[in-house]
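Notes follow the structure.
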Amino acid sequence: MSNKSVFSKEFLWGGATAANQVEGGYDEGGKGLSVTDVQTAGSLEVPRYLTYTLNGEKGKIVSLPGQGLPKGAKGAVFDEEYYPNHVAIDFYHRYKEDIKLFAEMGFKVYRLSIAWTRIFPNGDEKKPNQEGLDFYRRVFEELKKYNIEPLVTISHYEDPLALSEKYGDWSDRKMIDEFEKYAKVLFKEYKGLVKYWLTFNEINSALLMLDMFGSGGNDEDYQHAYQKLHYQFVASARAVKAAHEIDPNNVVGNMICGVATYPGTTDPADVIANRYNWEQNILYCGDVQAKGKYPTYAQRLWDEHNVKLDITDKDLEELKAGKVDMYTFSYYMSNLVTTHEVKDKVGGNFAAGAKNPYLEYSEWGWATDPTGLQYYLELMYDRYELPIMVVENGLGAVDKLEDGKVHDSYRIDYLRQHIQAMAKAIENGVDLRGYTTWGCIDCISAGTGQMSKRYGFIYVDRDDKGNGSLERLKKDSFYWYKKVIESNSTDLD
């Protein structure tokens, strides 16, 4: 790259985490149980489970993003199970130490989420929990002390357990009102402290997971997924409208799980299958939230699974009135789509399908594809013409701690390639405003519940069984990213 950066002087360099993966303190400060608080640990081979009681019997179900408990079940914590989110990395007590480290790296922005149950323990209280409000105020004030801009996700896979049980994981329209109430409290409480907001994390994950793992053509699953999404679209739109009314300076974005896909062969059947994959899994949610209306292909998607949605004229008006101000997404990998039988398949954590012979794969089965990030950025900016942020990107890997140091050149290589891809997209006209790497400090993996799948610039002494001092140590990538931010990307060596 040249000595002149293509990234603007105002570009927001930083990192991202989620409350349920870093905070801990799951039963402190008046917090109620989130769905993630009944989620066990797993691994690459063993899934995470949600634990519950049903008719007096203990049970558990494989946990997938956006999935609730069986009908009539009550989430429960069992003594014999390990729940890594309960302590996580103890950000709840160590946030000052962590934010100081972010500041040392030069962060301009820190993406974090709010645990809904710290604000409304059950989700349906009339008044918020003051201890929870005070905690996040202290966090935001600490960030402001270092001139770090908070980017706040309102809902990051963290529904109140009581609401999920009561309303069947967004199966009931009443969830819209509860979310709107919650969002309005945040906008009013943190006016002047928080400017950038995201409504739902990876809102498209419900569809992605159904398609990725196959539901055997179960129309009921798709009915639930599309209905849940509709209610979340309306809730998001109401939140956008409220955010603008409460503070015109607020900027509200959506958040999409961005997976670039390519046709597996030149067979026209693969080409159209790939297009339909984009429409269902990526564009459907982006179109509704950024354009304020359902796309022309929506009816085809619904008809494929006999979906009949509860949609009112008022809903459609609210979607139009609550379009997001910016488009944000996560990006880790790309996939192939093919109608043909394949021998060389991807196997891993939220990765499936045919293996791309042109790409390298991590031990978790994720393809390293920086060109896919450039492709995705250019495609989405052309489609929506909204400012864009990459709010998750990173490499999960097993790090070796040697004499108090972690030499993670593999992570540096991965991030370097993706920053270079972003630069190309900017040169090609994309209005990219920010980049927050995922897991800027080691945290609990959402997919596997492991600590050993590490993403951070900061090593946290904790293992997959919950042992360790929780001491923080700077990896080689910490010093590298500090240099990247200082040079505004002109120094990527």
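Take segment 385-405 and flag every residue that is small (Gly, Ala, Ser) and in a loop (DSSP other than H, G, I, E, B).
Answer for segment 385-405, where residues must be small (Gly, Ala, Ser) and in a loop (DSSP other than H, G, I, E, B): 394, 396, 404.
Tell me the strands (runs of 3 or more DSSP E) entirely within segment 1-105 that contain at least 1 residues that are more than 24 Å from the chain's Cα centre (by Cα) and surrounded by 15 or more Cβ atoms within 10 Å (Cβ to Cβ).
Output list reads 49-54, 57-62.
Restricting to segment 405-422, name every residue that is of a type in the set (Gly, Ala, Ser) and within 23 Å of the chain's Cα centre (by Cα).
Once the filter is applied, which keeps residues that are of a type in the set (Gly, Ala, Ser) and within 23 Å of the chain's Cα centre (by Cα), segment 405-422 yields only 421.
Name every residue in segment 421-440 that is buried (at least 23 other Cβ atoms within 10 Å of the Cβ) and in contact with a helix residue (DSSP H, G or I) (Cβ under 9 Å, 6 or more places away or on another chain), in order of residue number.
The answer is 422, 425, 435, 437, 439, 440.
Picking from 462, 472, which residue would you name as being in contact (Cβ under 8 Å) with a residue 60 or more places away in the chain, in contact with a Gly (Cβ under 6 Å, 6 or more places away or on another chain), surrounded by 15 or more Cβ atoms within 10 Å (Cβ to Cβ) and among the charged types (D, E, K, R)?
Only one candidate qualifies: 462.
Do you know which residues across segment 115-127 are surrounded by 19 or more Cβ atoms within 10 Å (Cβ to Cβ) and not hydroxyl-bearing (Ser, Thr, Tyr)?
115, 116, 118, 119, 120, 121, 123
Among the residues of segment 158-165, is any modelled with pLDDT of 95 or more, of a type in the set (A, V, I, L, M, F, W, C) and either closer than 18 Å to residue 253 by Cα or not in a helix (DSSP H, G or I) (or both)?
No, segment 158-165 contains no residue that is modelled with pLDDT of 95 or more, of a type in the set (A, V, I, L, M, F, W, C) and either closer than 18 Å to residue 253 by Cα or not in a helix (DSSP H, G or I) (or both).
Filter segment 181-225 for residues that are modelled with pLDDT under 95 and outside any helix (DSSP H, G or I); which is surrounded by the fewest Cβ atoms within 10 Å (Cβ to Cβ)?
216
Just one of 142, 165 is without any contact (Cβ under 8 Å) to a residue 60 or more places away in the chain, more than 16 Å from residue 233 (Cα to Cα) and among the acidic types (Asp, Glu); which is it?
Answer to the selection: 142.
The values are calculated or read from the model by the stated rules, or taken from the named source; none is laboratory data. Quantities reported herein were computed from a predicted structural model and do not represent experimental measurements. Positions of Cβ are backbone-derived with ideal geometry, glycine not excepted, and every protein chain shown enters the neighbour counts.
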